[in-house]
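Next up is a structure, given as structure tokens.
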Amino acid sequence: MNETLTRTLSGAVYIIILVGCALFPLSFMVLCGIFLLLAVFEFCELTNLSKPLPLLIASALYFLFTAFPLSVEMEWALLALTLFVSVRLLFFLFSDRIVVLDKLSKYVYLIGYAILPIIFIAKLPFENGSFRPEITISIFVLIWANDTFAFLIGKGFGKRKLLERVSPKKTVEGFLGGWLFALLFSLPIAIWLFEEPIAFWLVIATIVSYLGTLGDLVESKFKRIAGVKDSGRIMPGHGGILDRLDSVIFVAPFVFLFYQIVHYVS
């Protein structure tokens, strides 16, 4: 089968499953749980980490933090841990040194990069006791808009490399184009789906564009260290689950934090 057709069909199936499951609380929680186990499996493959214990940790934390209500203090503690690991990953990304991950670092990244962010993805649509699937779907739409137009504009007009030693194909022009279109897509989302001000969704679009790009680059660095092109082969033409979720797992904790700050202030 033609590679482009394979990639298109695979992507379409992924979107249909994601959007269909995101509409209902139980199916969304089950899907996030499946994504989590697949992402942990692929992360262990990338980092040469033995799989049984990480999969057990992921299953236990996912059940514990999604099946039972968390106190505000516990949510903030988990968020602080995730953001701490995210900042550490930025140092990891921009470091020029040859990186050799010890076992402790692998487990820190496993929990703060793969497990907790997917738990926050699962918690995003549950706002103030109600289920709002449009939040999750809108975040993914902005990520897809950013990624698609960053690729198209970068391919057509890109000249200056963004971070060549990690991802040779990404360009500054592509990044700016992706950000612009994420902002544009946020306007109808704000106007037609939500009652929040347009500025609220412009900020979210900016978080998605900047941090989604960083998340993509972080995963690219893990793959470069592992010497592989894709994190897995579950999606023909697209790679693995981490390849599809690399942006959103970096974005979700910051969007969650932004929602908490806005609601606390208001």
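The values are calculated or read from the model by the stated rules, or taken from the named source; none is laboratory data. Not measured: the values here are computed from a predicted model. Neighbour counts run over all protein chains shown; Cβ positions are idealised from the backbone, glycine included.
Looking at (1) closer than 26 Å to Ser220 by Cβ; (2) out of contact with any Phe, Trp or Tyr (no Cβ under 9 Å at 6 or more places or on another chain); (3) touching a residue at least 60 places away in the same chain (Cβ under 8 Å); (4) among the hydrophobic types (A, V, I, L, M, F, W, C), which is the one condition that is false for Phe84?
(3)
Within the stretch 208-256, track down each residue that is closer than 15 Å to Asp147 by Cβ and of a type in the set (Asp, Glu).
Asp216, Glu219, Asp243, Asp246
Please go through the stretch 38-65 and give me each residue that is crowded, with 17+ Cβ neighbours inside 10 Å and within 14 Å of Ile115 (Cα to Cα), ordered by number.
Across the stretch 38-65, the qualifying residues are Leu38, Ala39, Val40, Phe41, Glu42, Phe43, Cys44, Pro54, Ala58, Leu61, Tyr62, Phe65.
Select from the stretch 127-179 the residues that are more than 17 Å from the chain's Cα centre (by Cα) and either among the aromatic types (Phe, Trp, Tyr) or at positive phi (or both) and write down the one among them that is surrounded by the most Cβ atoms within 10 Å (Cβ to Cβ).
Within the stretch 127-179, the match that is surrounded by the most Cβ atoms within 10 Å (Cβ to Cβ) is Phe149.
Before we move on, is Glu73 part of a helix (DSSP H, G or I), acidic (Asp, Glu) and without any contact (Cβ under 8 Å) to a residue 60 or more places away in the chain?
yes
Name the helices (runs of 4 or more DSSP H) wholly within the stretch 125-244 that hold at least 1 residues that are more than 20 Å from Leu36 (Cα to Cα), modelled with pLDDT under 90 and of a type outside the set (Lys, Arg)?
Per the criteria, 133-157, 198-226.
Moving on. Take the residues of the stretch 181-219 that are without any contact (Cβ under 8 Å) to a residue 40 or more places away in the chain and touching an Asp or Glu at 6+ places or on another chain (Cβ under 8 Å): which is farthest from Phe140 (Cα to Cα)?
Glu219
Just give me the residues in the stretch 85-124 being touching a helix residue (DSSP H, G or I) at 6+ places or on another chain (Cβ under 8 Å), modelled with pLDDT under 90 and surrounded by fewer than 16 Cβ atoms within 10 Å (Cβ to Cβ), in sequence order.
Val99
Among the residues of the stretch 221-236, how many are more than 20 Å from Pro168 (Cβ to Cβ) and in contact (Cβ under 8 Å) with a residue 60 or more places away in the chain?
Final tally of qualifying residues: 4.
Another question about this same structure. Do you know which of the residues in the stretch 25-37 that are surrounded by fewer than 20 Cβ atoms within 10 Å (Cβ to Cβ) and hydrophobic (A, V, I, L, M, F, W, C) is farthest from the chain's Cα centre (by Cα)?
Leu26
Let me ask something additional. What number goes with the only condition from (1) surrounded by fewer than 15 Cβ atoms within 10 Å (Cβ to Cβ); (2) modelled with pLDDT of 90 or more; (3) aliphatic (A, V, I, L, M) that Val262 does not pass?
Tallying (1) surrounded by fewer than 15 Cβ atoms within 10 Å (Cβ to Cβ); (2) modelled with pLDDT of 90 or more; (3) aliphatic (A, V, I, L, M), Val262 fails exactly one: (2).
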